[in-house]
Amino acid sequence: MAGSQGDAAKLQILKDALYDEARQHGSESRLFTQRDLLGLNVIPNENATLLLRVVQGLCDDKLFVGTNNHAGLAWRWRSKEDAKKYTSLSDETMMVYSMIDEAGADGIWNRTIKFKLNMHDSVVKSAIKTLETKGYIMGMKNVEHPNKKMYIKANLRPSDRATGGPWFTDGELDTAFITELEMIVFEFIKTQSAYLGSQGGHRSVGPARMPTKGVIRGGAAPVSNVGDSSSRGVKRAATEISNDDQTPAPAPAPAPVTAPHQSSSSSTAVNKARLKVFLPLPAGYKTYPTVSEIAQQIDKWGITNNTTLSEADIQQLVDILTFDGLIEPIKVNGRKGYRVTRPTKQETSSLAKRQKDREAGIGLDLTLMGVETGSNGLTETPCGRCPVFELCEEGGPVSPSNCVYFTEWLGLDEGRSKPPNGIVPA
């Protein structure tokens, strides 16, 4: 009798020691194999039989959870608070709670619990109601299965897979939030991958003068008439070529005439606006903004309130902008950055000003992000976007000779009534 009590006491000591060592050597999600547990140097002489007795005792106390992985049987530790919850439940309720616990942050469907445990529907509903009353579990919405009733442990935060990440709000795709962030990311890349300069306008002074060609005779001045045989000599060195010729510099282009109804101040403002343009950075520029820098800047601005955006989230936004042709990746010396496409066509005013003007009904024909997609002759013709292109052939239901789209495009349908079937006879 005394020997059995002594063995139980020694076993309890080993259980406590093994549990403490497991917590110190890994998180609650880490799986420990038999070799891992023996490597904690708690079991004397690496006795496998004694280890199994200790592990079985921890499983009975709900402190260890057994599972199977690629290496075979493994265990993970469970907090003492969760273990107390298990010991306070009935067998059926404990089985339901165990299923929800194993589902983790992804949650589990109530029908999945019913099918896996082979329980009656009323038993499952009663167990779920008990667990909700005790505050052990809670319902959740899953964006992948919006019509399914899902459950998760009350102390867990639903995973991004279940909630959709920062792009979903209350289970619904937050398109306004996504669009706003896309514009902010695009604006940051635009201002960091191009510089605001001037191009064109009334201040242009015409083409630059080229150096005058000529010959020199010893130390004499250049001779302008190089075709004369008497002026032959040696060709001037590059250091002796100068722009100090007698050709007068072209006069500056005249300022555009102001319309009678337009004030000179507004004309000046228009000219200045025309001079502002985003210009591409020189070849070899190495510090185009990366995804990491974009994420850091957005976090610094604090524009997402309580939503934390990771680099993976920002990468999704950058990918959308890339697929839309608004930006393009560029790799310099192993550094992958992004730059805006068609920089000279971009709006020079700030995003905040463009949004404010849009709300006031100004500039409704302008895009808030990027520029309009370029067009060519093929896309402008009816054939470039014909919905029945595959059916178009001579003698078929649609042909070039009776194409109603060509008739409308060429303006030949004026004064002609369209037939009910939409096809103009030849």
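The values are calculated or read from the model by the stated rules, or taken from the named source; none is laboratory data. In this text the structure is predicted, and so the values were computed from the model without any measurement. Methodologically, a virtual Cβ is constructed for each residue, glycine included, from the backbone with ideal geometry; neighbour enumeration extends over all protein chains shown. Quick note on the areas: whole protein, heavy atoms, side chains included, nothing else; ligands and nucleic acids left out. Shrake-Rupley method; radii C 1.70, N 1.55, O 1.52, S 1.80 Å.
Summary table
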item	result
Residue within segment 305-323 that is open to solvent by less than 70 Å² (accessible area, probe 1.4 Å) and at positive phi present	no
Residues being within 25 Å of Y288 (Cβ to Cβ) and among the hydrophobic types (A, V, I, L, M, F, W, C) - total across segment 331-362	4
Among the residues listed as A83, A74, the single one being within 24 Å of G135 (Cα to Cα) and either open to solvent by less than 50 Å² (accessible area, probe 1.4 Å) or part of a loop (DSSP other than H, G, I, E, B) (or both)	A83
Condition broken by I113, with the remaining ones in (1) in a strand (DSSP E or B); (2) open to solvent by less than 60 Å² (accessible area, probe 1.4 Å) satisfied	(1)
Flag for T133 being in a helix (DSSP H, G or I) and surrounded by fewer than 16 Cβ atoms within 10 Å (Cβ to Cβ)	yes
Among (1) outside the structural domain of K15 (by TED's automatic domain parsing); (2) surrounded by fewer than 12 Cβ atoms within 10 Å (Cβ to Cβ); (3) hydroxyl-bearing (S, T, Y) - the single one T67 does not satisfy	(1)
Only listed residue being over 30 Å from G165 (Cα atoms), part of a helix (DSSP H, G or I) and open to solvent by 50 Å² or more (accessible area, probe 1.4 Å), chosen from T93, T49	T49
Qualifying residue in segment 93-101 (condition: within 30 Å of L14 (Cβ to Cβ), among the polar types (S, T, N, Q) and not assigned by TED's automatic domain parsing to the domain that holds S29)	yes
